[in-house]
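Remarks on the structure that follows.
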Amino acid sequence: MLQPTVFRRRTNFDLPDEIVLEILTRLPVKSVLRFRCVCKSWYSYITNPNFISTHLNSSLSHNHGYVIYMRKTFPRYYSSSHSQVCTVSCDRTFERVSEFRIPFTFQSGLPRLVGSCNGILCLTDFIVSEFNGVYLWNPSIRKFKKLPDTCLSRLHHAKLGFGYDSLNNDYKVVRISRSRVKVMPPLEVEVYTLSSDSWKRIGLGIRWRPNVVFWKINCFLLSPFVSGHLHWMFLYVEDRGGRKRHFTHTILSFDVNSEKFKELPLPDDEGSCITIYLTSFKGKLALIKFRYGVQSCDALCCIWVMREYGVFDSWNKLCVVPVEGTYNIIGFTKYGLLLIRRRPQLVSTNSELEREVKSVLIDPETLHENEISIPVDNRLDLATHMESLALLDGENVVSY
């Protein structure tokens, strides 16, 4: 494809167009945005989808490693000055880099982070069963987009995921909702595609177990986007006759490119567990399984990683991390550090006993712990983050 001319006039001291364009692809987002004002040809090229993709690929190869976390309070503590802020920090140290105030609001007053992909954040209402508002937001370029209303009959215990379609250079949001009309099949699924700006229904495409009497999707963390697939943890309860019930955990995987579902089995692990978290570790699908420790108040955190995506035999137990006291898993950073909230001991404050809350980064491979200073009075959603020009060329996008 013939590239547009960058310079209308040229002197002997001007750089060749291809060199100028190469420089532009390596510049930070804020600088590129300013250069749109140089001339019409620069504006046209910078807002071209091909340039946006080239700039994204350059940014991915030089990603310094940032995380973004959204702190929010529950409704009875809701304050607009605290619940609508996202903070960008360094991945390894959590030193604050910048803050972004969310430029839109939700009916419940409480946002939930669905996912982060190539600089775009996907957010929805915390009470997703009642409200269906979903937004795509790129804070780096100060643009956001509200998605159309759902095409499903009624939302009930809906779960969402957000990912990138590498085959079509597109972004998709997946919503799974429990059907209130039919008992079997129990799921309704819809997919939003950014390029068409619309939702469409799709089938599950998986044979449902005949004796299932109960099921639920456990989404304690963000739906991990790994190897082009989104993932949710499913729990089935099957009737085996009489009073026998069989509990089965499985991973529901969605190929964002082909829009097909499949199931992935969990690794074989002896003993029962308290809780299972589905997440990603350094770009690999991962599980965090908790079981009771020696002391009744302690737990063992077993971290499993699928070394080769989709291959059952590649599940590998990375480590076992002992966790004391009450804990709350926040998630992994890009470099594999596990962020948890811990209430290890009772402390006296103003003549009252309360638990001291600490935020701790744990290296699961060395078990080294580093206490960090981040707000502890509210809930956190955590995801990796980067700057990009994504959404710059989008339609029906709001600037602020």
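The values are calculated or read from the model by the stated rules, or taken from the named source; none is laboratory data. Note that the structure is predicted; figures quoted are calculated from it, not measured. Note: ideal-geometry Cβ built from the backbone for every residue, glycine included; neighbour counts use all protein chains shown. What goes into the accessible areas is simple: the full protein's heavy atoms, side chains included, and nothing from ligands, DNA or RNA. Shrake-Rupley method; radii C 1.70, N 1.55, O 1.52, S 1.80 Å.
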Completion exercise
Taking region 198-233 and keeping residues in a loop (DSSP other than H, G, I, E, B) and among the hydroxyl-bearing types (Ser, Thr, Tyr) leaves SER223, SER227
Problem - The lone exception for SER153 - which of (1) open to solvent by 20 Å² or more (accessible area, probe 1.4 Å); (2) closer than 30 Å to ARG307 by Cβ it fails - result: (2)
Handout entry: Residues that are in a loop (DSSP other than H, G, I, E, B) and at negative phi, drawn from region 234-252
Key = ARG240, ARG243, LYS244
Exercise for the section: Read through the list (1) at positive phi; (2) open to solvent by less than 10 Å² (accessible area, probe 1.4 Å), then give the number of the only condition that CYS301 fails. Expected result: (1)
Exercise for the section: Would you mind listing the strands (runs of 3 or more DSSP E) fully within region 324-376 where at least 2 residues are at pLDDT 85 or above, surrounded by 13 or more Cβ atoms within 10 Å (Cβ to Cβ) and more than 23 Å from the chain's Cα centre (by Cα)? Expected result: 369-372
Problem - Test: residue in region 98-111 that is out of contact with any Gly (no Cβ under 8 Å at 6 or more places or on another chain) and under 19 Å from TRP232 (Cα atoms) - result: no
Practice task
Inspect region 265-272 for any residue being over 21 Å from the mean Cα position of the chain (by Cα) and of a type in the set (S, T, N, Q) and give the result as yes or no.
Solution key: yes
Handout entry: The one condition in (1) at negative phi; (2) among the acidic types (Asp, Glu); (3) in contact (Cβ under 8 Å) with a residue 40 or more places away in the chain that GLU259 fails to fulfil
Key = (1)
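Yes/no matrix, rows are residues, columns are (1) surrounded by fewer than 20 Cβ atoms within 10 Å (Cβ to Cβ); (2) under 17 Å from the mean Cα position of the chain (by Cα); (3) of a type in the set (A, V, I, L, M, F, W, C):
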| site | (1), (2), (3) |
| --- | --- |
| ARG92 | yes, no, no |
| GLY115 | no, yes, no |
| LEU121 | no, yes, yes |
| LYS143 | no, no, no |
| LEU160 | no, yes, yes |
| TYR171 | no, yes, no |
| ARG175 | no, yes, no |
| SER195 | yes, no, no |
Practice task
Having 1 or more residues that are of a type outside the set (Ser, Thr, Tyr) and closer than 21 Å to LEU389 by Cβ is the bar; report the strands (runs of 3 or more DSSP E) wholly within region 94-195 that clear it.
Solution key: 96-101, 111-117, 120-125, 134-138, 143-146, 159-165, 170-178
Exercise for the section: Tell me, yes or no, whether region 240-250 has at least one residue that is modelled with pLDDT of 85 or more and not polar (S, T, N, Q). Expected result: yes
Exercise for the section: Filter region 205-226 down to the residues that are free of Cβ contacts under 8 Å to residues at least 24 places away in the same chain and within 18 Å of ARG245 (Cα to Cα), then identify the one that is most open to solvent (accessible area, probe 1.4 Å). Expected result: PRO210
Handout entry: Where ILE68 falls short, out of the listed (1) of a type in the set (A, V, I, L, M, F, W, C); (2) farther than 26 Å from HIS229 by Cβ; (3) modelled with pLDDT under 90
Key = (2)
Problem - Verdict on LEU113 being modelled with pLDDT of 80 or more and out of contact with any strand residue (DSSP E or B) (no Cβ under 9 Å at 6 or more places or on another chain) - result: no
